[in-house]
Each structure stands twice: as C-alpha cells, then as structure tokens.
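Undergrad: I'd like to ask you about the structure that follows.
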Amino acid sequence: MEENIYVTRPYLPPKQEFDAYCNQIWESNQLTNHGPLVLQLQQKLQEYLSAEQVNLMVNGHQALEIAVKGLELTGEVITTPFTFASTTHALTLNGLTPVFCDIRATDLTMDPDKIEDLITEKTTAIMPVHVYGHPCAVEKIQAIAEKYNLKVIYDAAHTFGVRKDGRSLATYGDVSMLSFHATKLYHTIEGGALVYRDASYTRLFDAYKNFGIESEERVSYVGGNAKMNEFQAAMGLTNLPHMRQLIEERKVITQTYRRELQKVQGITGFYPERETGIEYNYAYFPIMVDPALFGRTRDDVYFALKKKNIFTRRYFWPIITDFDCYKNQYQGVSLPVAERAGQQILCLPIYNGLKLETVEQISTLIAQMSKQY
Ligand SMILES: *Cc1c(COP(=O)(O)O)cnc(C)c1O
C-alpha cells in the first residue's frame with residue numbers, strides 16, 4: 001500500500017457541526033463540572049440507549065473503577081482473560097482478586113458453563129466483556145448471579161449501538177461500562193459512561209467521580225476525579241447523529257471482508273455463530289488464523305501485512321494471565337480456549353472511510369498466503 005493502513009482511524013465529524021457546540025461553550029463559559037453540554041449528552045444517550053441511568057465519565061477505565069467502588073465489591077471477581085488490560089486492572093487497582101474464567105470458542109466471551117466452578121465464599125461479582133461487541137450469555141450469567149447473589153458488571157466498551165432483541169446491550173447487568181475513546185466506534189475524544197437501572201447507585205458514582213465530595217461542607221468518600229468535560233460532550237453530541245450512517249458503512253466493509261475471506265480455508269471466526277435478534281455495530285473485524293488449515297501462523301499473516309504497510313492488531317494477545325504484571329500469580333491456571341484465541345486472533349483494519357478496494361486488497365493478500373493458493 002502506498003499509504004499506511006491502520007487497524008482503526010478515529011472518526012472526525014464535519015468541523016462546523018463541532019464548532020456550533022463550541023460556540024455554546026463560549027456562551028456558557030462553563031468548561032467542566034456537570035456543564036450544560038454534559039447534561040444534554042447524558043439525556044441524548046439515555047434516549048439512544050433506552051437506558052434509565054447514564055453517568056458520564058472522563059474515560060471508560062475510570063468509569064469501570066467507579067463501578068467497582070460504587071458497588072462496594074470485596075474479595076474475588078470472576079472475569080475473562082481475553083480482554084484489554086483495563087478490565088483486569090480496574091479490579092486489581094481496587095484491591096480485588098481477579099479470578100479468570102475461560103471463554104467460549106464460538107464468540108470469545110466468558111463461558112457461562114465454567115463460571116459456577118470458580119465461585120467461592122469470597123466471590124462478590126462477575127465482570128464479563130462483550131468482546132468485539134458480541135453479546136455475552138447475558139441470561140445465563142444473570143441466572144448464576146441471582147443464584148449466588150453476585151453483582152454483574154459488564155465491560156461493554158465495544159458495544160455502542162449493539163442491540164439484542166431490540167434492547168441495547170449496554171443495559172444488561174447491574175452496571176455496564178461504555179468507552180468513548182477516540183478509537184471506539186462512538187467517541188467523545190476520551191470518555192466513558194456507566195449505564196444502570198438502579199438510581200440509588202448514582203449517589204456513590206457521582207461522589208467517586210468528584211473527589212468524594214457530597215456538598216460544600218461534606219467530603220464523605222476517598223474519591224478521585226473522573227468528570228467528563230464540556231469539549232468531550234461537544235464531540236459526543238456532534239457524533240451521535242452520525243451513528244446510523246457509520247454503522248451502515250462498517251457493515252458494508254464487514255460484508256466485503258466476509259465475501260472475500262469466506263473461501264479461505266483456516267480463516268474463521270469473523271462472525272459469531274448466528275444468533276438471531278442481534279444487531280451488530282461492526283466495530284471490529286477479528287479473524288482467527290488456524291495454522292493447521294491455513295498453512296501459516298497468525299504472526300506470519302501479521303508480519304507479511306506489516307511489510308505491505310497494513311498494520312493489523314493481535315488483540316487480545318497476550319492474554320491477561322500472560323502479562324508480566326500478572327503471570328506469576330496465575331501459573332497453573334488453565335485457560336485453553338483463551339490461549340488458543342490469543343495465538344490465532346488478528347483484527348483487520350476497519351474504520352469509516354476505509355475503501356472497499358483496500359478491503360479487497362487486504363483479503364487477497366491473506367488469501368494468497370494460504371496453502372491452498
Ligand atoms: C477501550 C477499552 C477500555 C477502556 O476504555 P478507555 O475509554 O480507553 O479508558 C476498557 N475495556 C475494553 C475492552 C476496551 O476496549
């Protein structure tokens with residue numbers, strides 16, 4: 001490729017639309033601390049997600065930490081090893097012990113049949129990830145949580161716009177975290193939110209995002225700073241009306257990859273087993289490279305494409321239990337499905353503005369590496 005092709009590229013809306021919101025900031029002269037644009041975005045997102053409570057934060061990771069603090073979790077939390085560092089760090093940084101549950105091969109989300117064996121008297125919650133926007137086994141996980149009286153916090157960073165049976169995926173569990181980082185499908189430059197039903201959580205979430213301050217005279221908790229500012233909200237308000245179009249464009253990119261790669265033996269996993277009733281957001285395009293069938297490894301594909309200026313990403317690899325900061329604690333933990341996914345996964349470029357011609361070229365390069373070629 002003449003120009004570098006990256007796995008993703010942030011979406012920038014028409015500048016004059018953003019400017020119009022910035023003009024409002026110059027009028028209000030309020031830059032942060034629950035300003036009018038943050039309140040407006042909160043309301044718009046409540047409508048977009050049909051969510052009862054949306055609590056906006058400076059980024060997704062802080063939102064996740066505040067969910068953990070606000071739910072007052074202790075002891076052990078069952079989570080997935082096949083995710084971004086943030087999920088596990090949010091637990092560890094709050095003095096909790098992550099307990100890793102293997103994933104299912106069909107969609108790489110937490111295997112609900114392996115959760116119960118991991119529950120001990122110290123378990124207080126389950127923290128699964130809707131990885132790449134694939135819905136977790138939400139009903140089964142809910143049933144387990146009810147049986148053992150556990151909280152469920154979803155890392156829903158990948159799910160903006162995904163619906164299951166018409167219901168926004170971000171409304172499952174006790175709390176779901178959304179990330180609005182620049183590289184996510186929907187973004188506020190940096191940003192995030194907690195989505196939940198129980199309005200009684202708001203008091204603690206609000207306190208923890210603002211130094212534990214409850215009123216001018218009362219500081220009741222030891223909290224940090226995780227407030228979203230007005231410029232972030234301005235970007236969020238600008239981007240929101242474009243979502244339908246952005247998802248439509250990505251759907252076409254996804255369909256093009258699928259059409260081109262379908263025939264290539266050993267390249268699989270680019271869509272989960274068809275579950276009906278799911279509207280995807282096409283945020284990512286992960287493939288699995290099975291070296292036995294394909295004839296080359298995932299890393300072979302990664303490096304060959306890199307040579308052609310196509311920068312794919314091997315995420316999620318290494319899996320969390322292989323991170324330098326965690327591996328000593330998790331020796332002997334067996335997570336065969338996650339290990340294999342980590343070895344075989346490759347995220348191909350997908351972003352708004354990626355040309356279909358480029359998608360075809362990338363697919364052809366991959367197909368030409370296969371042993372059947
Ligand atoms: C992006 C991401 C996060 C963190 O969100 P930030 O907004 O970048 O802090 C957490 N978990 C997953 C799975 C993510 O992809």
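Undergrad: Of the residues that sit in the range 90-142 and are free of Cβ contacts under 8 Å to residues at least 60 places away in the same chain, in contact with a Pro (Cβ under 6 Å, 6 or more places away or on another chain) and within 13 Å of the ligand (Cβ to nearest atom), which one is nearest to Leu335 (Cα to Cα)?
TA: So the residue we want is Met110.
Undergrad: Further question on the same structure: Here's a check for you: in the range 153-171, which residue that is away from the ligand (no atom under 16 Å from the Cβ) and of a type outside the set (D, E, K, R) is farthest from the chain's Cα centre (by Cα)? Full working, then the answer.
TA: So the first thing to find is which residues in the range 153-171 are away from the ligand (no atom under 16 Å from the Cβ), and the list is 163-168, 171.
Cutting the leftovers down to of a type outside the set (D, E, K, R) gives us 166, 168, 171.
Working: Gly166: 20, Ser168: 14, Thr171: 14 Å.
That would be Gly166.
Undergrad: Next question, about the same structure. Which condition breaks for Thr74 when tested against (1) assigned to a loop (DSSP other than H, G, I, E, B); (2) among the hydroxyl-bearing types (Ser, Thr, Tyr); (3) out of contact with any strand residue (DSSP E or B) (no Cβ under 6 Å at 6 or more places or on another chain); (4) over 24 Å from Ala283 (Cα atoms)?
TA: Going through (1) assigned to a loop (DSSP other than H, G, I, E, B); (2) among the hydroxyl-bearing types (Ser, Thr, Tyr); (3) out of contact with any strand residue (DSSP E or B) (no Cβ under 6 Å at 6 or more places or on another chain); (4) over 24 Å from Ala283 (Cα atoms) one by one, Thr74 breaks only (3).
Undergrad: So, of the residues in the range 77-89 that are in a loop (DSSP other than H, G, I, E, B) and not β-branched (Val, Ile, Thr), which turns out to be farthest from the ligand (Cβ to nearest atom)? Reasoning before the result, please.
TA: Residues of the range 77-89 in a loop (DSSP other than H, G, I, E, B): 80-84.
Of the ones still in play, those that are also not β-branched (Val, Ile, Thr) are 81-82, 84.
Values: Pro81: 12, Phe82: 10, Phe84: 4 Å.
That would be Pro81.
Undergrad: Sticking with this one: Going by the structure shown, is Thr202 in contact (Cβ under 8 Å) with a residue 60 or more places away in the chain, over 14 Å from Ser86 (Cα atoms) and open to solvent by 20 Å² or more (accessible area, probe 1.4 Å)? It would help to see each step written out before you state the result.
TA: Working: in contact (Cβ under 8 Å) with a residue 60 or more places away in the chain: yes; over 14 Å from Ser86 (Cα atoms): yes; open to solvent by 20 Å² or more (accessible area, probe 1.4 Å): yes.
Taking the combined requirement at face value, the residue satisfies it.
Undergrad: Same structure, new question: I'd like the residue in the range 123-175 that is polar (S, T, N, Q) and within 24 Å of Ala105 (Cβ to Cβ) and, out of all such residues, is surrounded by the fewest Cβ atoms within 10 Å (Cβ to Cβ).
TA: Residue satisfying both the conditions and the ranking: Gln142.
Undergrad: Restricted to the range 24-45, and to residues that are in a helix (DSSP H, G or I) and open to solvent by less than 40 Å² (accessible area, probe 1.4 Å), which residue is nearest to Thr159 (Cα to Cα)?
TA: Here the answer is Leu45.
Undergrad: Of all residues in the range 293-321, count the ones that are of a type in the set (A, V, I, L, M, F, W, C) and either open to solvent by 70 Å² or more (accessible area, probe 1.4 Å) or not in a helix (DSSP H, G or I) (or both).
TA: Adding up the residues that qualify gives 7.
Undergrad: Could I ask something else about it? With the structure loaded, tell me whether Asn352 is at positive phi, open to solvent by less than 80 Å² (accessible area, probe 1.4 Å) and at pLDDT 95 or above or whether it fails that test.
TA: no
Undergrad: With the requirement that a residue be open to solvent by 40 Å² or more (accessible area, probe 1.4 Å), in contact with a Gly (Cβ under 7 Å, 6 or more places away or on another chain) and in a loop (DSSP other than H, G, I, E, B), what does the range 206-229 give you?
TA: Here is the first cut: in the range 206-229, the ones open to solvent by 40 Å² or more (accessible area, probe 1.4 Å) are 206, 211, 213-222, 225, 229.
Within this subset, residues satisfying the condition of being in contact with a Gly (Cβ under 7 Å, 6 or more places away or on another chain) are 211, 219-222.
Passing the criteria: Phe211, Ser220, Tyr221, Val222.
Undergrad: For Glu17, all conditions in the list (1) open to solvent by 60 Å² or more (accessible area, probe 1.4 Å); (2) part of a loop (DSSP other than H, G, I, E, B); (3) not hydroxyl-bearing (Ser, Thr, Tyr) hold save one; what is the number of the exception?
TA: (2)
Undergrad: OK, next. Which of the residues spanning the range 322-341 are crowded, with 17+ Cβ neighbours inside 10 Å and closer than 22 Å to Thr106 by Cα?
TA: Leu335, Val337, Ala338, Glu339, Ala341
Undergrad: Among the residues of the range 172-205 satisfying the criterion of being closer than 21 Å to Pro241 by Cβ and not in a loop (DSSP other than H, G, I, E, B), which is farthest from the ligand (Cβ to nearest atom)?
TA: Val195
The values are calculated or read from the model by the stated rules, or taken from the named source; none is laboratory data. Predicted model only: the values in this text are computed from it and were never measured. Quick reminder, even Gly has a Cβ in these numbers, built from the backbone with ideal geometry, and neighbours come from all protein chains shown. Side chains are part of the model used for accessible areas, which takes the heavy atoms of the whole protein and leaves out ligands, DNA and RNA. Shrake-Rupley method; radii C 1.70, N 1.55, O 1.52, S 1.80 Å.
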